[in-house]
1. If you go through segment 245-287, how many residues are farther than 26 Å from Tyr212 by Cα and charged (D, E, K, R)?
2. Identify all residues within segment 205-215 that are out of contact with any Lys or Arg (no Cβ under 9 Å at 6 or more places or on another chain) and surrounded by fewer than 22 Cβ atoms within 10 Å (Cβ to Cβ); write none if there are none.
3. Do you know which of the residues in segment 47-75 that are free of Cβ contacts under 8 Å to residues at least 12 places away in the same chain, assigned to a helix (DSSP H, G or I) and within 16 Å of Gln178 (Cβ to Cβ) is nearest to the chain's Cα centre (by Cα)?
4. Looking at segment 180-209, which of its residues are in a helix (DSSP H, G or I) and of a type in the set (S, T, N, Q)?
5. Out of segment 16-37, which residues are under 24 Å from Ala164 (Cα atoms) and of a type in the set (Val, Ile, Thr)?
6. Working carefully through the options Leu177, Leu234, find the one that is more than 22 Å from the chain's Cα centre (by Cα), surrounded by 15 or more Cβ atoms within 10 Å (Cβ to Cβ) and closer than 21 Å to Leu79 by Cα.
7. When you scan segment 56-68, do you find a residue that is of a type in the set (Gly, Ala, Ser) and at pLDDT 85 or above, even just one?
8. Which of the numbered conditions does Ile252 fail, given that it passes all the others? Conditions: (1) closer than 19 Å to Leu217 by Cβ; (2) at pLDDT 80 or above.
Amino acid sequence: MAVRPERGPERVPVRTIAATIGMVLATALALLLLWEMRRILTWIVVAAFLAVILGPLTSLVERRLHLRRSLAAVLVFLLGFLALAGIFTAFVRPLAVEGPQFIDQVPDLISQARQGKGPVGHLVKRYKLDAYVERNQGKLREFGSRLTQPAVGVIRSIFSTAVALVTILVLTFLMVLQGPSLVAAWLASLPERRREHVRQVANDCSKAVVGYMTGNLLISVIAGVATYVVLWVLGVPYKGVVALWVGFADLIPLVGATLGAVVAVLVAALHGWVAALVVVVFFILYQQAENHLLQPVIMSRTVALSALTVLVSVLVGVELFGFLGALLAIPVAGVISVIARDLWDGYRSRLKAEPTVGQDQVPVARADPD
């Protein structure tokens with residue numbers, strides 16, 4: 001009986017090695033391109049979220065007023081510009097009215113601080129801040145001169161921000177205008193048995209984004225109005241600017257309310273320690289009401305996310321995209337949650353290749369007929 005010689009290890013074909021190296025290089029090149037285009041991709045993501053929010057409103061205007069899609073989109077954008085102009089006016093007007101008043105009061109505040117009078121003066125006297133300022137006048141002047149030097153960088157930053165805003169607005173308008181046709185073409189490319197299911201998942205994702213954004217904006221408005229009322233009752237100056245800041249800061253998840261409260265308490269402290277204490281108590285009570293009453297009621301139709309998921313998503317968003325990531329982290333997490341839940345539900349309800357019977361899951365073909 002002949003003995004079959006042992007076979008050595010099989011050699012990997014050169015074509016397979018070349019294909020593997022090519023795939024690795026292509027992946028690295030794709031990642032490099034994505035990194036280089038990260039700013040443009042950020043604009044596209046922001047525009048997509050705005051389009052998701054404005055799309056249903058445009059469709060509603062299109063149906064109710066029997067307008068073409070382009071005219072409905074123009075009308076919605078005009079209303080949006082008017083709303084932004086109103087918010088900008090509401091923010092600038094208090095600055096224009098109360099700003100000069102604060103500038104006029106600065107000499108008196110400095111004089112009181114030097115004499116150890118008033119809330120600021122007590123802090124200066126207690127912690128000897130005036131002596132620190134006198135000892136470090138040279139360093140403070142040098143620091144102030146450094147702040148005024150990078151004027152070119154500031155102008156460049158303003159120009160870049162303006163370009164980004166215009167680009168995002170144009171992208172958003174085009175997405176709102178062509179969104180339904182693009183979605184319809186994408187659904188048409190899918191198998192017919194999956195179209196309705198994918199459409200339902202997409203609608204759930206859209207509802208999660210729109211619901212969160214709308215609810216968060218409403219909560220911020222409530223926070224700003226409540227802050228204005230409290231400061232008005234206490235007679236604290238600059239209540240308009242502070243209230244707008246609190247409403248804007250409340251848009252930031254987790255830490256926004258704290259940032260708004262710090263500024264409000266500092267401004268109230270300039271008016272008096274009693275006012276500052278009342279404002280502190282107000283924000284503590286309001287934060288509890290917002291966490292346990294407003295958010296559960298207003299956010300009841302959005303995707304429910306655990307506190308751990310919210311915290312992790314916000315931290316990742318801040319680390320990757322800064323302030324913008326903090327604003328978009330939770331809606332992105334909501335969309336991912338919707339898709340992940342749908343995939344998991346589909347996996348659990350997936351039919352087996354061959355039905356089984358009994359606890360031992362014996363295939364039907366091999367089961368005992370008796």
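The values are calculated or read from the model by the stated rules, or taken from the named source; none is laboratory data. Please read these numbers as outputs of a predicted model, since none were measured by experiment. Reconstructed Cβ throughout: ideal geometry from the backbone, glycine too, with neighbour counts over all protein chains shown.
1. 0
2. Cys205, Ser206, Val210, Met213, Thr214 - these are the residues of segment 205-215 that are out of contact with any Lys or Arg (no Cβ under 9 Å at 6 or more places or on another chain) and surrounded by fewer than 22 Cβ atoms within 10 Å (Cβ to Cβ).
3. Within segment 47-75, the match that is nearest to the chain's Cα centre (by Cα) is Val74.
4. Those that are in a helix (DSSP H, G or I) and of a type in the set (S, T, N, Q): Ser181, Gln200, Asn203, Ser206.
5. Of everything in segment 16-37, nothing turns out to be under 24 Å from Ala164 (Cα atoms) and of a type in the set (Val, Ile, Thr).
6. Leu177
7. Yes, because at least one residue in segment 56-68 is of a type in the set (Gly, Ala, Ser) and at pLDDT 85 or above.
8. It is condition (2) that Ile252 fails.
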